[in-house]
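The values are calculated or read from the model by the stated rules, or taken from the named source; none is laboratory data. All figures in this text were calculated on a predicted structure; none of them were measured in a lab. Glycine gets a Cβ as well: all are built from the backbone with ideal geometry, and neighbour counts include every protein chain shown. Note: areas computed on protein heavy atoms with side chains; ligands, DNA, RNA excluded. Shrake-Rupley method; radii C 1.70, N 1.55, O 1.52, S 1.80 Å.
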Amino acid sequence: LAWVLTLICLNICGVIAFHTNYRTQTRNHVRIKQVYRTGYHLQPKKNWINGPMYYKGYYHLFYQYNPKGAVFGNIVWAHSVSKDMVNWIHLEPAIVPSKPYDKYGCWSGSATVLPGDKPVILYTGIVDLKPSPGHQVQVYAIPANYSDPYLREWIKPDDNPFLKPTSENISAFRDPTTAWYNNGHWKMIIGSRKNHRGIAYLYRSRDFVRWTKAKHPFHSKRDTGMWECPDFYPVASKGTNGLDTSTLGKGVKHVLKNSLEVTRYEYYTIGRYDLVKDRYIPYNTSEDGWGGLRYDYGNFYASKSFYDPRKKRRIVWGWANESSTQSENIKKGWAGIQLIPRKVWLDPSGRMLLQWPISELETLRRKKMELNNVMVKKGNTVEVKGVNTVQADVDVTFTFSSLEKAELYDEKWVEFPHHDLGKSICAVRGAMVEGGLGPFGLMTLASDKLEEYTPVFFRVFKTINKKHKVLLCSDATPSSLNPDEYKPSFGGFVDVDLATKKLSLRSLIDHSVVESFAEGGKTVITSRVYPTLAVTRNAHLHVFNNGYEPITIKKLNAWSMKTASIS
């Protein structure tokens, strides 16, 4: 079986910095660290995050970390383990720069568990800092002790690096994927670019030591730029179970995801794997390019998936960077969090993937409150009381009696960038802009007088040919009074049949992050926010409606979330 370890691409952060006013700086540092640090999202004490694998009863999380200071460099693989992907134990770093081929950093990669339950890590080593961002080669490492379920120590064999760029771009040759096996060969892809064309190069090996580049790229697309952190895996046409990375056969489709260095977004396609030509061919059900499908339409990047053999599911992990200022990152002493792991499977339509937070997260649910059959008319709000609103899990279903009042979709919006269409519409049709059917949804992390709030909401449009479009928005614009924060409005369309006249939304709220899942995970948006007033006990949660069509809270469940154990 080929199981996966995923390692998320590099992103900047800071460490604690003390200035001349020691007491004030220390006090401010403690306050910022406490109010914005998440309670049930995994994050390191300092610096950067990466991704997971499953081995001998433990989930392993490796994250990139600079132990020597606040600047980029000296990248090591720090290491944590968990029984449930919710509560974690920190271990010593697993891989550190120690050889000429990774002297300037051990960058992203993946792992494959070979026959005999033997994991192998493939990662990108940085030989030299020039040309920027570095001269890149591929390296492998193996455990020093296969019987250790914690995998505390890793060895770099003497035949490294196992792959050097020949005709490939030496500064754009990184992030080897989990390998899969067929036709007598192990195979894996590496992200790259040639001019503005994004490329996934394919490599084959019979022994997992000597690798040969295929004559043709596994897949490429013009005008997409560098492909970082590529991910390739199979999905079942029916059901919610995941598949091992090497699975083939009837009823199996494949997914190729790429992280776009230029836009800092990701996109994926669903397609077929041509075994004869060893190439990936996407279906025409979605765009193969910047405007393609995304796991998440918000603050989400450098994701990778892995197959969990314990529960026979595929899990996607994503990383969210900070949207606060550099000086605030330095005060916090950390930047970037790992988002909640999500189970992923193919939608029954076959056109998209569905995502949902892993069930283990529900073990953190504590105090619960409910609302049932509460009508909310235009301009009204209903406060959700009785739970810890800065650290909560909220699941709500809205109903409405008619689609007649849905506002007309403005055909002039075709002028917006097509890959940012939803985001652009949410920016001009915010939560306070009156509509017909919507905007309605949640006001998360709201201050007493609504000076600050982060709304997550639906808006329904009708087109000139009388079809309907549903837009989900997560708008950080009113989230903070701090003028220096990056406060974008994010948006994504929801592919849903409105015949039932209902829409569902689940939001995971955790101090400085709001992850929202619409319609059972058809559309997902993550926002990072930094309120100045709506923190700790001063934060509130409301349901709101600013549309002329009344909506009903058919059912709302909200839970306070216990802080995860991370030691």
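Below, the figures for the structure above:
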| quantity | calculated |
| --- | --- |
| From the options G386, G379, G435, residue that is of a type in the set (G, A, S) and within 22 Å of K562 (Cα to Cα) | G386 |
| Strands (runs of 3 or more DSSP E) contained in the range 201-287 and holding at least 3 residues touching an Asp or Glu at 6+ places or on another chain (Cβ under 7 Å) | 227-236, 252-260 |
| Qualifying residues in the range 304-333 (those that are assigned to a loop (DSSP other than H, G, I, E, B) and in contact with a Phe, Trp or Tyr (Cβ under 9 Å, 6 or more places away or on another chain)) - the one most open to solvent (accessible area, probe 1.4 Å) | R310 |
| Residue list for the range 341-368, restricted to those being open to solvent by 30 Å² or more (accessible area, probe 1.4 Å) and under 16 Å from V394 (Cα atoms) | W356, S359, E362, T363, R365, R366, K367, K368 |
| The range 129-182, residues that are under 18 Å from P217 (Cα atoms), open to solvent by 30 Å² or more (accessible area, probe 1.4 Å) and part of a loop (DSSP other than H, G, I, E, B) | K164, T166, S167, N169, I170 |
| Members of the range 531-565 that are in contact with a Pro (Cβ under 9 Å, 6 or more places away or on another chain) and open to solvent by less than 20 Å² (accessible area, probe 1.4 Å) | A539, F544, N545, G547 |
| So R429, is it in contact with a strand residue (DSSP E or B) (Cβ under 7 Å, 6 or more places away or on another chain), open to solvent by 20 Å² or more (accessible area, probe 1.4 Å) and not hydroxyl-bearing (S, T, Y) | yes |
| Filtered residues of the range 245-299 (kept if of a type in the set (G, A, S) and within 19 Å of L471 (Cα to Cα)) | S286, G291, G292, G298 |
| Candidate set: the range 113-122, residues that are in a strand (DSSP E or B) and over 9 Å from T177 (Cα atoms); chosen: the one most open to solvent (accessible area, probe 1.4 Å) | K118 |
| Residues located in the range 186-225, provided they are more than 20 Å from G271 (Cβ to Cβ), of a type in the set (K, R) and under 27 Å from the mean Cα position of the chain (by Cα) | R193, K194 |
| Count of residues meeting criterion [open to solvent by less than 30 Å² (accessible area, probe 1.4 Å) and out of contact with any Ser or Thr (no Cβ under 9 Å at 6 or more places or on another chain)] in the range 403-422 | 2 |
| Condition met for S349 (more than 25 Å from the chain's Cα centre (by Cα), assigned to a loop (DSSP other than H, G, I, E, B) and in contact (Cβ under 8 Å) with a residue 60 or more places away in the chain) | no |
| Residues that are open to solvent by 10 Å² or more (accessible area, probe 1.4 Å), over 20 Å from L243 (Cβ atoms) and polar (S, T, N, Q), drawn from the range 183-205 | N195 |
| Filter result (without any contact (Cβ under 8 Å) to a residue 40 or more places away in the chain and not hydrophobic (A, V, I, L, M, F, W, C)) within the range 434-477 | K449, N465, K466, K467 |
